[in-house]
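Right, one structure below, let's go through it.
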Amino acid sequence: MKLLFTPGKIGNMEIKNRFVRSATGESLAAADGQVTDALVSRYTELAKGGVGLIVTGVAFVHESGRSGYKMPGLHKDEMIPGWQRLIKQAHNYGAKIVPQIFHCGRQMQADSAQDFPPIAPSPIAYKRTGITPREMTDEQIWELIEAFGEAARRAREAGFDGVQLHGAHGYLISQFLSPYSNRRTDQWGGSFENRQRLVTEVYKRIRQVAGQDYPLFIKMNIDDYVEGGLTLEETRKTARLLSDLGMDAIEISGGTLELSIWKCLVPGIKSREQEAYFLPYAPEIKSEIRCPLILVGGMRTPALMEEILQQKKADFISLCRPFIREPDLVNKIEQGQEDPVTCISCNKCLRFLDRGLACYVDAEA
Ligand SMILES: Cc1cc2nc3c(=O)[nH]c(=O)nc-3n(C[C@H](O)[C@H](O)[C@H](O)COP(=O)(O)O)c2cc1C
């Protein structure tokens, strides 16, 4: 397991090993978006467990962008002290930590939609709720770009080691990128260049506000798996554009919450053949970019993770569900424990998310 435990870099952020905790929404924040003791202890456990880089669950940048309750925010300066407590714990145990900043756009749960009618690039009903979002005005789009910049400024002030943009899974940034959800005919929609404009402007604003040297990277879809949505042919070009722009790393994922979430969260991974389901896309994206590639999706065997690094198909190995069950997984791998990953990818963690994030396999048994 030599390479897995070699330090790596994302921009100027030095990470002690090649393990990333992929963004995982815990549904453990307070109703106003504040960090709670439960969140602080969750991140303390993760950092103690040896992971090099922790990406937090989605943190909304604007009130209109919270998809559901119990989600933490980076939308106000009042949020900074809560995050500082959590970051301090991660740093105490040698982990680096970044927030995943996001706006949900049209993918908003029905209860939140009552308080903040959803906004999106185009007025296309969200199939999970039947609610049609309002088309964003030019002014609202610029306000949102500013909100991303401000959230990144707060992240830096709080002491986060960088930020990750959520540009995947059908949330606002990916809604602008995808021709399925972006049917605009102004400068924000239509051509490939116009659909990239939002993410490009968000990138530029964050650089201006948080600094050129502040590590900034993105999670993006390589395929929406939706008719009329993004496919590899175009996402390769997006990856190149983002890398040329100066993005410090790209994490690749796929699927949208609305229509194809099981492509992101493949259930029942039992054999090596089912593992690493986005791996076939990695070389395609890697050949387009100059920054590190972070691979997520169904990796469960340390030997395979090591092989992926050896073959230079990815630079970092990102996991989500295994850490819900075993926050100390990286320590177990480092100690050479045989078959350390006991997550069976049953997705009960998602099904019972309203009770707060946990592995419900043993609880049910
Ligand atoms: C409970 C739960 C919450 C998640 N929350 C997020 C999130 O906030 N942001 C995100 O980009 N992906 C989220 N994901 C997706 C994971 O980051 C990851 O891409 C996916 O689970 C595949 O990796 P895995 O096979 O290692 O679990 C979540 C997944 C689960 C199971």
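The values are calculated or read from the model by the stated rules, or taken from the named source; none is laboratory data. Model, not experiment: these values are computed from the prediction. Don't worry about glycine lacking a Cβ; one is built from the backbone with ideal geometry, like all the others, and counts go over all protein chains shown.
Condition first: closer than 15 Å to Thr235 by Cβ and either touching a helix residue (DSSP H, G or I) at 6+ places or on another chain (Cβ under 9 Å) or touching a residue at least 12 places away in the same chain (Cβ under 8 Å) (or both). Can you find one or more residues in the range 269-279 that meet it?
From the range 269-279, those closer than 15 Å to Thr235 by Cβ are 278; that's our starting set.
After this cut, where a residue has to be either touching a helix residue (DSSP H, G or I) at 6+ places or on another chain (Cβ under 9 Å) or touching a residue at least 12 places away in the same chain (Cβ under 8 Å) (or both) as well, the list is 278.
Checked the range 269-279: at least one residue is closer than 15 Å to Thr235 by Cβ and either touching a helix residue (DSSP H, G or I) at 6+ places or on another chain (Cβ under 9 Å) or touching a residue at least 12 places away in the same chain (Cβ under 8 Å) (or both).
Quick check: anything in the range 285-294 of a type outside the set (Gly, Ala, Ser) and closer than 18 Å to Cys359 by Cβ? Spell out the reasoning first.
First, the residues of the range 285-294 that are of a type outside the set (Gly, Ala, Ser): 285-286, 288-294.
Subsequent filtering for residues that are closer than 18 Å to Cys359 by Cβ retains none.
No.
Out of the range 213-257, which residues are among the acidic types (Asp, Glu), farther than 20 Å from Lys9 by Cα and away from the ligand (no atom under 16 Å from the Cβ)?
Our first condition is that a residue be among the acidic types (Asp, Glu); within the range 213-257, this holds for 213, 223-224, 227, 233-234, 244, 248, 251.
Of the ones still in play, those that are also farther than 20 Å from Lys9 by Cα are 223-224, 227, 233-234.
The answer is Glu227, Glu233, Glu234.
Please go through the range 314-333 and give me each residue that is assigned to a helix (DSSP H, G or I), away from the ligand (no atom under 14 Å from the Cβ) and touching a Gly at 6+ places or on another chain (Cβ under 6 Å), ordered by number.
Residue satisfying the conditions is Asn331 alone.
Contact list please: Cβ distance under 6 Å, first residue in the range 286-307 and among the aliphatic types (A, V, I, L, M), second residue in a helix (DSSP H, G or I) and more than 16 Å from the ligand (Cβ to nearest atom), pairs at least six apart or on different chains.
Cβ pairs passing all conditions: Ile289/Ala239; Ile289/Ser243; Leu293/Lys286.
Conditions (1) crowded, with 20+ Cβ neighbours inside 10 Å; (2) at pLDDT 95 or above; (3) under 17 Å from the mean Cα position of the chain (by Cα); (4) within 19 Å of Ile10 (Cα to Cα), marked per residue:
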| position | (1), (2), (3), (4) |
| --- | --- |
| Ser287 | no, yes, no, yes |
| Val296 | yes, yes, yes, yes |
| Arg300 | yes, yes, no, no |
| Ala303 | no, yes, no, no |
| Ile308 | yes, yes, no, yes |
| Pro327 | yes, yes, no, no |
| Ile333 | yes, yes, no, no |
| Gln337 | no, no, no, no |
| Phe352 | no, no, no, no |
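Between Pro267, Pro283, which is assigned to a loop (DSSP other than H, G, I, E, B), surrounded by fewer than 18 Cβ atoms within 10 Å (Cβ to Cβ) and modelled with pLDDT of 95 or more? Steps first, answer last, please.
Numbers: Pro283 fails: assigned to a loop (DSSP other than H, G, I, E, B).
None of the others qualify; the one that does is Pro267.
Which one of these does Ile173 not meet: (1) more than 14 Å from the ligand (Cβ to nearest atom); (2) under 30 Å from Gln84 (Cβ atoms)?
(1)
When you go through (1) more than 16 Å from the ligand (Cβ to nearest atom); (2) buried (at least 16 other Cβ atoms within 10 Å of the Cβ); (3) on the phi > 0 side of the Ramachandran plot one by one for Pro292, which number turns out not to apply?
Answer for Pro292: the failing condition is (3).
Which one is surrounded by the most Cβ atoms within 10 Å (Cβ to Cβ) among residues in the range 108-140 that are farther than 18 Å from Arg184 by Cα and touching a residue at least 60 places away in the same chain (Cβ under 8 Å)? Give the derivation first.
So the first thing to find is which residues in the range 108-140 are farther than 18 Å from Arg184 by Cα, and the list is 108-117, 127-131.
Checking which are touching a residue at least 60 places away in the same chain (Cβ under 8 Å) leaves us with 127-128.
Working: Lys127: 11, Arg128: 15.
It comes out as Arg128.
Being within 11 Å of the ligand (Cβ to nearest atom), of a type in the set (A, V, I, L, M) and either over 21 Å from Thr231 (Cα atoms) or free of Cβ contacts under 8 Å to residues at least 12 places away in the same chain (or both) is the requirement here; does Leu353 meet it?
Values: within 11 Å of the ligand (Cβ to nearest atom): yes; of a type in the set (A, V, I, L, M): yes; either over 21 Å from Thr231 (Cα atoms) or free of Cβ contacts under 8 Å to residues at least 12 places away in the same chain (or both): yes.
Yes.
For (1) more than 12 Å from the ligand (Cβ to nearest atom); (2) closer than 29 Å to Asp115 by Cβ, each residue gets a yes or a no:
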{"position": "Pro7", "(1), (2)": "yes, no"}
{"position": "Asn12", "(1), (2)": "yes, no"}
{"position": "Arg21", "(1), (2)": "no, no"}
{"position": "Gly25", "(1), (2)": "no, yes"}
{"position": "Thr44", "(1), (2)": "yes, no"}
{"position": "Ser67", "(1), (2)": "no, yes"}
{"position": "Met71", "(1), (2)": "no, yes"}
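Given the criterion touching a residue at least 60 places away in the same chain (Cβ under 8 Å), in contact with a helix residue (DSSP H, G or I) (Cβ under 6 Å, 6 or more places away or on another chain) and either more than 12 Å from the ligand (Cβ to nearest atom) or of a type in the set (Val, Ile, Thr) (or both), identify the matching residue among His91, His103. Let's see the steps before the verdict.
On the way: His91 fails: in contact with a helix residue (DSSP H, G or I) (Cβ under 6 Å, 6 or more places away or on another chain).
So the residue among His91, His103 that is touching a residue at least 60 places away in the same chain (Cβ under 8 Å), in contact with a helix residue (DSSP H, G or I) (Cβ under 6 Å, 6 or more places away or on another chain) and either more than 12 Å from the ligand (Cβ to nearest atom) or of a type in the set (Val, Ile, Thr) (or both) is His103.
Hey, any hits in the range 142-149 for a residue that's part of a helix (DSSP H, G or I), in contact with a strand residue (DSSP E or B) (Cβ under 8 Å, 6 or more places away or on another chain) and buried (at least 24 other Cβ atoms within 10 Å of the Cβ)? Spell out the reasoning first.
To start, the set of residues in the range 142-149 that are part of a helix (DSSP H, G or I) comprises 142-149.
Narrowing the set further to residues that are in contact with a strand residue (DSSP E or B) (Cβ under 8 Å, 6 or more places away or on another chain) leaves 148.
Filter once more, so that each one left must be buried (at least 24 other Cβ atoms within 10 Å of the Cβ): 148.
Yes: one or more hits.
For the structure I just gave you, tell me whether Val58 is closer than 20 Å to Glu334 by Cβ, modelled with pLDDT of 95 or more and within 13 Å of the ligand (Cβ to nearest atom). First the steps, then the outcome.
On the way: closer than 20 Å to Glu334 by Cβ: no; modelled with pLDDT of 95 or more: yes; within 13 Å of the ligand (Cβ to nearest atom): yes.
Considered against the rule, which asks whether it is closer than 20 Å to Glu334 by Cβ, modelled with pLDDT of 95 or more and within 13 Å of the ligand (Cβ to nearest atom), Val58 comes out as no.
Of the residues that make up the range 73-83, is at least one more than 16 Å from Ala152 (Cα to Cα), assigned to a loop (DSSP other than H, G, I, E, B) and in contact (Cβ under 8 Å) with a residue 12 or more places away in the chain? Talk me through it step by step, then tell me what you get.
Within the range 73-83, the subset more than 16 Å from Ala152 (Cα to Cα) is none.
Looking through the range 73-83, none of the residues is more than 16 Å from Ala152 (Cα to Cα), assigned to a loop (DSSP other than H, G, I, E, B) and in contact (Cβ under 8 Å) with a residue 12 or more places away in the chain.
Looking only at residues that are within 13 Å of the ligand (Cβ to nearest atom) and at positive phi in the range 339-350, which one is surrounded by the fewest Cβ atoms within 10 Å (Cβ to Cβ)?
Top of the filtered list is Asn347.
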